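A quick write-up on the structure given underneath.
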Amino acid sequence: MVRDDLDQVMAIEERSFSTPWTRNLFLAEFRNRPISLMLVALSGGTGREVVGYIVCWVFVDEVHILDLATKEWFRRQGIGRRLVLAALGTAYQGGARKAFLEVRRSNASALALYEGLGFLQTQVRSEYYENPVEDAIVMTLDTEILRRLLASSHDDDQF
């Protein structure tokens, strides 16, 4: 992700979440390098059309997925999965050996995506989200599953 992507990222963010990140939060991530990892997926068309993005923090041996979204008409095409795999691969190369994230309890599609990648539900954070108030499911991916996931994804040319 580059700063010039921010208008498109903000449009996706605002359509995807009831409590979207602000522009200032994204700008703070640009200043938070090398901890912040920000990737975009681009359409195959002309120009630079952002169709999805992911924001993570990579520190010591962990990667924390903070934000992931795709444009509405590009959903269910594997873009989110590819973004997660790309972020996990980059983080792994940087030393991360486990991953975690929080997801709304009601977000069935996100839960299915992460469970399909091998993440396990490990904790509940009561009333973590606002608008509406809702529990967060904490999901984790341990070292061995991460290693196997990245090896199989690389073999399948998913990166």
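The numbers here are math on the coordinates, done by the rules we state, and not lab data. Please read all numbers here as calculations on a predicted model, not as lab measurements. Reconstructed Cβ throughout: ideal geometry from the backbone, glycine too, with neighbour counts over all protein chains shown.
Cα convex hull, the stretch 50-95: 59 Å³ per residue, rounded to a whole number.
Taking springs between alpha-carbon atoms closer than 10 angstrom, which of Leu25, Leu120, Leu88 fluctuates most in the Gaussian network model of the chain? Highest fluctuation of the listed residues: Leu25. Work out the FRET efficiency for Ile35 and Glu115 from their Cβ-Cβ distance, taking R0 = 41 Å, and round it to the nearest 0.05. Efficiency, rounded to the nearest 0.05: 0.95.
Helical runs (DSSP H, four residues minimum) scored at -39500 (n - 2.57) apiece and divided by the length of the chain put the mean residue ellipticity at 222 nm at -11000 deg cm²/dmol. Computed over all pairs of different Cα atoms, the Kirkwood value for the hydrodynamic radius of the stretch 69-129 is 13.0 Å. Kirkwood hydrodynamic radius of the chain, from the reciprocal of the average inverse Cα-Cα distance over all distinct pairs: 16.1 Å. Each label was represented as a point 7 Å from its Cα along the Cα-to-Cβ direction; for Thr46 and Arg105 these points are 5.0 nm apart. When the chain is treated as a Gaussian network with alpha carbon springs shorter than 10 Å, the biggest mean-square fluctuation among Phe30, Phe17, Phe59 belongs to Phe17. Scanning the chain for DSSP H helices at least 27 Å long along the axis (C-alpha atoms) with a Kyte-Doolittle mean no lower than -1.0 picks out nothing.
In the stretch 3-155, a dipole from Cβ-located charges (positive for Lys and Arg, negative for Asp and Glu) runs towards its positive end, and of Gly89, Leu111, Gly44 it is Gly44 whose Cα lies farthest in that direction. Among Thr46, Thr22, Thr140, the residue with the largest mean-square fluctuation in a Gaussian network model of the chain, with springs joining Cα atoms closer than 10 Å, is Thr46.
The Cα center of the stretch 85-159 and the Cα center of the stretch 1-70 differ in position by 16 Å.
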